[in-house]
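The values are calculated or read from the model by the stated rules, or taken from the named source; none is laboratory data. Treat the numbers as computed from the prediction; the structure is a model and nothing was measured. Heads up, the Cβs are rebuilt from the backbone with ideal geometry, glycines too, and the neighbour counts pull from every protein chain shown. These accessible areas exclude ligands, DNA and RNA; they are computed on the full protein's heavy atoms, side chains included. Shrake-Rupley method; radii C 1.70, N 1.55, O 1.52, S 1.80 Å.
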Amino acid sequence: MSKFYEKILENNKKWVEESLALDPNCFEDLAKGQNPPLLWIGCSDSRVPANEIIGAKPGEVFVHRNIANMVIHTDMNMLSVLDYAVNVLKVEHVIVCGHYGCGGIKAAMGNSSIGIIDNWIRHIKDVYRLNQKVLNRIQNEEERFNTFVELNVKEQVFDLAKTSIVQSAWKNGQTLSLHGWVYGLNSGFVTDLKVNISSNEDLDEVYQLIL
Ligand code: CO
């Protein structure tokens, strides 16, 4: 077995010991149930660990991750996570967290075929097309890349708001705020993009559901 594989099993034992030293009841308490106030939708990238970035303990954040933190309305996995978080756990915040240097976003700017993932990346290309006037005006490639990362996060926050799940929650008077963040791989800091949508009236009329 590889050294790395053995190391992670060993790490787990250490983590249990350290956690119990801090709070002898921590696992017993966690086993009783969860009540996280936050749903995190982030990128699968190994360098963007949800809990660590925001200092959240086990039980404090419900997490969904996929390539380039996408909110795709036919993605049953994302819909199930969102529905459970909003309607059962009653989270009060949903954060879509993208990150600079995202490989999925970079791939969407280019034309190379990578495989099956091309079909996932296509959704990101749609976001490029939606914003191409702004993006094509940016000469510096790095700057264009960074702006695309930010625009994609904003679009995903709007896509969240367009779901029947979020619109129903708002209609029922549930407290639910949506946020768009970008994480800096080289700084560790997040930036709040301040996408403020708190009712379906902030959406284009065609997306407003009568519930
Ligand atoms: Co990424």
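Work out how much length GLU28 to LYS194 would gain on full extension: take 0.36 nm times their residue separation and subtract the Cα-Cα distance, in nm to one decimal. Display every interim value, and only then the final one.
On the way: separation 166, 0.36 × 166 = 59.76 nm, distance 3.78 nm.
Length gained, GLU28 through LYS194: 56.0 nm.
Over the chain, average the accessible area per residue using a 1.4 Å probe and give it in Å², no decimals.
Normalised by residue count, the accessible surface of the chain is 60 Å².
What ranking do 61-67, 87-93, 112-118, 15-21 get when scored by the average of other Cβ atoms within 10 Å per residue, highest first?
Going by the mean number of other Cβ atoms within 10 Å, highest first, we get 61-67, 87-93, 15-21, 112-118.
Between the range 172-199 and the range 1-45, what is the C-alpha centre distance in whole Å?
The distance from the Cα centre of the range 172-199 to that of the range 1-45 comes to 25 Å.
Taking amide hydrogens as modeled 1.01 Å from N in the peptide plane, which residues meet the under 5 Å criterion relative to VAL195, leaving out close sequence neighbours?
GLY180
How high is the relative contact order of the range 1-142? Use alpha-carbon pairs under 8 Å, at least six apart in sequence, and give a whole percent.
It comes to 22 percent, rounded to a whole number.
Which far-off residues, 5 or more places away or on another chain, put their amide H under 5 Å from the one on ASP45, with H placed in the peptide plane?
Here ALA68 satisfy the definition.
Ignoring ligands, DNA and RNA, how do TRP120, TRP40 rank by accessible area with a 1.4 Å probe, largest first?
If we order TRP120, TRP40 from most to least accessible, we get TRP120, TRP40.
Heavy atoms only, probe 1.4 Å: what % of the accessible area of the chain goes to carbon and sulfur, would you let me know? Spell out each step's value before the answer.
Working: 6510 of 12560 Å².
After summing per-atom areas, the C and S share lands at 52 percent.
Excluding residues on the same chain fewer than 8 positions from LYS13, give the lysines whose Cα lies under 26 Å from its Cα.
Within the straight-line limit of under 26 Å, LYS13 reaches these lysines: LYS3, LYS32, LYS57.
Ordered by residue, what ³J(HN,Hα) values in Hz, to whole numbers, does the range 195-211 give under the Karplus form 6.51 cos²θ - 1.76 cosθ + 1.60, where θ = phi - 60° and Gly and Pro are x?
Rounded to whole hertz, the list is 8, 9, 10, 10, 8, 6, 6, 7, 8, 3, 3, 4, 8, 6, 8, 8, 10.
Tell me the mean residue ellipticity at 222 nm calculated for the chain from its helices only (DSSP H runs of n ≥ 4, each -39500 (n - 2.57), averaged over every residue, nearest 500). Let's see the in-between values first.
Working: 9 runs with 93 residues, N = 211.
It lands at -13000 deg cm²/dmol.
Averaging over all projection directions, find the projected area of the Cα convex hull of the range 1-135 and quote it in nm² with one decimal place.
11.5
Work out how much length ILE210 to ILE54 would gain on full extension: take 0.36 nm times their residue separation and subtract the Cα-Cα distance, in nm to one decimal.
Values: separation 156, 0.36 × 156 = 56.16 nm, distance 3.58 nm.
Separation in residues times 0.36 nm, less the Cα-Cα distance, equals 52.6 nm.
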